[in-house]
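*Asks:* Just dropping this structure here.
The values are calculated or read from the model by the stated rules, or taken from the named source; none is laboratory data. Just so you know, these numbers come straight off a predicted model, no measurement behind them. All Cβ positions, even for glycine, are placed from backbone atoms using ideal geometry, and neighbour counts span all protein chains on display.
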Ligand SMILES: Cc1ncc(COP(=O)(O)O)c(C=O)c1O
């Protein structure tokens, strides 16, 4: 099936493949394969779509883009110009946000494993809110804040213990390592309230990634708002913000769940697609508003930390076929550049130089490394493939560059098309000396 074509980013016109207004063919002759290419216009469109989906139903909404998803400076700068704030998961990410122009008050800090040095640095940067992962971390935060003589505003990351699908609940076992279980939340806030340099003002959570069904968020909203009400009545804590994290699924990616693997093996393929973002926005924001009214909590702020939705289809990876062997084709970019496992995510592919050929063959698409897991797709319907064919990997904008590594190969160029249509660089490719000079 051809992927859904939008107005910016990847598009096919007059039997040719474009990214924004630029013909892919003109790029493959100019730049060494593989390369990433990103669209500023698609990024702006995605952000505005996301913002509107929530804001039209609940005005007091703040978007804190999750830096780890893609931290390239031009991406962050574009989002800053759109009035976004950010969620950082490490001190490095605070520095990356600063490089793009964000101030401390536009950054929320997350993460389960801060060092004392990270905490001190973040306090000095005047970070807006610390999403604290445990009481242990809270105690260290208070000690360091006291030493620096600053009060810090915190939320606890709460694990809301919502039942999900078979595979999601399997992953949930791992997600439980983050945050405080909701059953221990009131005790944790009580401890925070008694601390000299801590001000508990928010509740946060993050329930997973590529969530396809808005109802999980509705359940999380119910639990967190009820918690805010209990904190008010039992501890006299005034919660100002509820942060429901990221995870909003996107429609151009298929979530490859265990259930779907079984259905496919049985010959009944049924990949679950994410709900449209308009449904996420409408259902979550309306639920939030109703619950806030029900518990009489005033003008509580709704914080969202999207990552994938904002950047996934802003980027593609343009590769070439370097080997063909029976059912296998090998392209020159793989798990080193897009490390997310195919067991969770199914991407789309376009063979740019054979756009009009019938897709009457099935191939497994492998990346270039000697790693058994370096497989991007299985049984992908494609035209007859040859060495030199140009394979575009779609939805390569999230968790790609930021998670890329140098397993046997160097990182390639990443290009950027501005909203005015100008072609520039997001980052330049590495050279062997970038690696060799660091080895002592
Ligand atoms: C705390 C937190 N917020 C937001 C995100 C962004 O999630 P997504 O890219 O699925 O929207 C993540 C991703 O892991 C996260 O850990």
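*Asks:* Could you check how many residues of region 107-132 are within 16 Å of the ligand (Cβ to nearest atom) and surrounded by 19 or more Cβ atoms within 10 Å (Cβ to Cβ)?
*Replies:* Adding up the residues that qualify gives 13.
*Asks:* So, in region 52-99, of the ones that are part of a helix (DSSP H, G or I) and in contact with a strand residue (DSSP E or B) (Cβ under 6 Å, 6 or more places away or on another chain), which residue ends up nearest to the ligand (Cβ to nearest atom)? It would help to see each step written out before you state the result.
*Replies:* Here is the first cut: in region 52-99, the ones part of a helix (DSSP H, G or I) are 52-55, 67-69, 73-81, 91-99.
Keeping just the survivors that are in contact with a strand residue (DSSP E or B) (Cβ under 6 Å, 6 or more places away or on another chain) gives 54-55, 67, 74, 79, 94, 97.
Working: 54: 13, 55: 17, 67: 9, 74: 19, 79: 13, 94: 15, 97: 14 Å.
Within region 52-99, the match that is nearest to the ligand (Cβ to nearest atom) is 67.
*Asks:* Which ones in region 111-125 are without any contact (Cβ under 8 Å) to a residue 60 or more places away in the chain and either touching a strand residue (DSSP E or B) at 6+ places or on another chain (Cβ under 9 Å) or in a helix (DSSP H, G or I) (or both)?
*Replies:* Result: 111, 114, 116, 117, 118, 119, 120, 121, 122, 123, 124, 125.
*Asks:* Next up: If residue 97 passes every condition in (1) crowded, with 16+ Cβ neighbours inside 10 Å; (2) farther than 20 Å from residue 313 by Cα; (3) touching a residue at least 40 places away in the same chain (Cβ under 8 Å) but one, which one does it miss?
*Replies:* Unmet for residue 97, out of (1) crowded, with 16+ Cβ neighbours inside 10 Å; (2) farther than 20 Å from residue 313 by Cα; (3) touching a residue at least 40 places away in the same chain (Cβ under 8 Å): (3).
*Asks:* Can you report the number of residues in region 302-337 which are assigned to a strand (DSSP E or B), over 19 Å from residue 11 (Cα atoms) and within 16 Å of the ligand (Cβ to nearest atom)?
*Replies:* Total meeting the criteria: 3.
*Asks:* Contact list please: Cβ distance under 6 Å, first residue in region 49-73 and farther than 25 Å from residue 91 by Cα, second residue at pLDDT 95 or above and part of a loop (DSSP other than H, G, I, E, B), pairs at least six apart or on different chains.
*Replies:* Short answer, once both residue conditions are applied: 50/306.
*Asks:* Another question, then. Looking at residue 340 and the list (1) buried (at least 16 other Cβ atoms within 10 Å of the Cβ); (2) away from the ligand (no atom under 16 Å from the Cβ), which single condition is not satisfied?
*Replies:* Tallying (1) buried (at least 16 other Cβ atoms within 10 Å of the Cβ); (2) away from the ligand (no atom under 16 Å from the Cβ), residue 340 fails exactly one: (2).
*Asks:* Would you list the strands (runs of 3 or more DSSP E) that sit entirely within region 151-247 and hold 3 or more residues that are surrounded by 22 or more Cβ atoms within 10 Å (Cβ to Cβ) and modelled with pLDDT of 95 or more?
*Replies:* On the way: elements: 152-159, 198-204, 241-243.
Result: 152-159, 198-204.
*Asks:* Hey, another quick one. Can you tell me which residues in region 143-162 are within 16 Å of the ligand (Cβ to nearest atom) and touching a strand residue (DSSP E or B) at 6+ places or on another chain (Cβ under 8 Å)?
*Replies:* 154, 155, 156, 157, 158, 159, listed by residue number.
*Asks:* What's the number of the condition residue 264 fails, among (1) at pLDDT below 95; (2) surrounded by 14 or more Cβ atoms within 10 Å (Cβ to Cβ); (3) not in a helix (DSSP H, G or I)?
*Replies:* Among (1) at pLDDT below 95; (2) surrounded by 14 or more Cβ atoms within 10 Å (Cβ to Cβ); (3) not in a helix (DSSP H, G or I), residue 264 violates only (3).
*Asks:* Please count how many residues of region 297-322 are more than 24 Å from residue 412 (Cα to Cα) and touching a residue at least 60 places away in the same chain (Cβ under 8 Å).
*Replies:* Let us first name the residues in region 297-322 that are more than 24 Å from residue 412 (Cα to Cα), namely 297-306.
Now drop any that are not touching a residue at least 60 places away in the same chain (Cβ under 8 Å), which leaves 297, 299-306.
Of the residues in that region, 9 qualify.
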